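**Student:** The structure's right below; bear with me while I get my questions together.
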Amino acid sequence: MKYYAELLGQTIKKSRIEQRLTQAQLAAKANVDVRTIINIEKNRGNPKLEVLFSLINVLKIDAREIFNPEMFCTNPAIQKLRFLIEDCSQEEINTLKPVIEAVLQALRQQKNYYLQKQK
């Protein structure tokens, strides 16, 4: 369990600092007591699901970073795309999916064309 507490504490602190938030500011945004943030960042305690959910949402953390760190992607561009897509309605996703597939296909064909041309 200590591993997960450390992973959670490091992730929360890193994200908070990257967003230039103090512990008090984060606590206010997440609607939790500042001591809760301090304890989490010091790898103490076992936060309630409501607290964890609020922190993940406020900090825009990919939950996989905490719950499935082996599957987490650290590429900021991919993280941004995931958040954009996850914020879409089903109708928006249905509209975007064929567009994204077509753009990827065109990019990959272009890349293959230039690779073959260089040979």
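**Student:** Which helices (runs of 4 or more DSSP H) sit wholly inside the range 1-73 and have at least 3 residues that are of a type in the set (D, E, K, R)?
**Tutor:** In the range 1-73, 2-18 are the helices (runs of 4 or more DSSP H) which contain 3 or more residues that are of a type in the set (D, E, K, R).
**Student:** Let me ask something else about it. Anything in the range 1-48 that is touching a Gly at 6+ places or on another chain (Cβ under 7 Å) and of a type in the set (Val, Ile, Thr)? List them, or say none.
**Tutor:** Residue satisfying the conditions is Ile40 alone.
**Student:** While we're here: Determine which member of the set Lys13, Lys2, Lys29 is surrounded by fewer than 13 Cβ atoms within 10 Å (Cβ to Cβ) and basic (Lys, Arg).
**Tutor:** Only one candidate qualifies: Lys2.
**Student:** If I filter the range 35-46 down to residues being of a type in the set (Val, Ile, Thr) and closer than 12 Å to Arg16 by Cβ, which single residue comes out as surrounded by the fewest Cβ atoms within 10 Å (Cβ to Cβ)?
**Tutor:** Taking the range 35-46 and keeping what is of a type in the set (Val, Ile, Thr), we get 36-38, 40.
Cutting the leftovers down to closer than 12 Å to Arg16 by Cβ gives us 37-38, 40.
Numbers: Ile37: 26, Ile38: 14, Ile40: 26.
Filtering first and then ranking leaves Ile38.
**Student:** In the range 79-119, how many are within 30 Å of Pro69 (Cβ to Cβ) and not in a helix (DSSP H, G or I)?
**Tutor:** Final tally of qualifying residues: 3.
**Student:** Sticking with this structure for a sec: If Leu49 passes every condition in (1) surrounded by 13 or more Cβ atoms within 10 Å (Cβ to Cβ); (2) without any contact (Cβ under 8 Å) to a residue 24 or more places away in the chain; (3) under 19 Å from the mean Cα position of the chain (by Cα) but one, which one does it miss?
**Tutor:** Among (1) surrounded by 13 or more Cβ atoms within 10 Å (Cβ to Cβ); (2) without any contact (Cβ under 8 Å) to a residue 24 or more places away in the chain; (3) under 19 Å from the mean Cα position of the chain (by Cα), the lone unmet condition for Leu49 is (1).
**Student:** Among the candidates Ile78, Ile61, single out the residue that is free of Cβ contacts under 8 Å to residues at least 60 places away in the same chain, under 30 Å from Arg16 (Cβ atoms) and in the same structural domain as Thr36 (by TED's automatic domain parsing).
**Tutor:** Ile61
**Student:** State yes or no: is Gln19 over 24 Å from Lys2 (Cα atoms) and either in contact with a helix residue (DSSP H, G or I) (Cβ under 7 Å, 6 or more places away or on another chain) or touching a residue at least 40 places away in the same chain (Cβ under 8 Å) (or both)? Don't jump to the end; show me each part of the working.
**Tutor:** On the way: over 24 Å from Lys2 (Cα atoms): yes; either in contact with a helix residue (DSSP H, G or I) (Cβ under 7 Å, 6 or more places away or on another chain) or touching a residue at least 40 places away in the same chain (Cβ under 8 Å) (or both): yes.
When the stated conditions are applied, Gln19 passes them.
The values are calculated or read from the model by the stated rules, or taken from the named source; none is laboratory data. As the structure is a prediction and not an experimental result, all values here were calculated from the model. Here the Cβ is made from the backbone with ideal geometry for all residues, glycine too, and neighbour counts use every protein chain on show.
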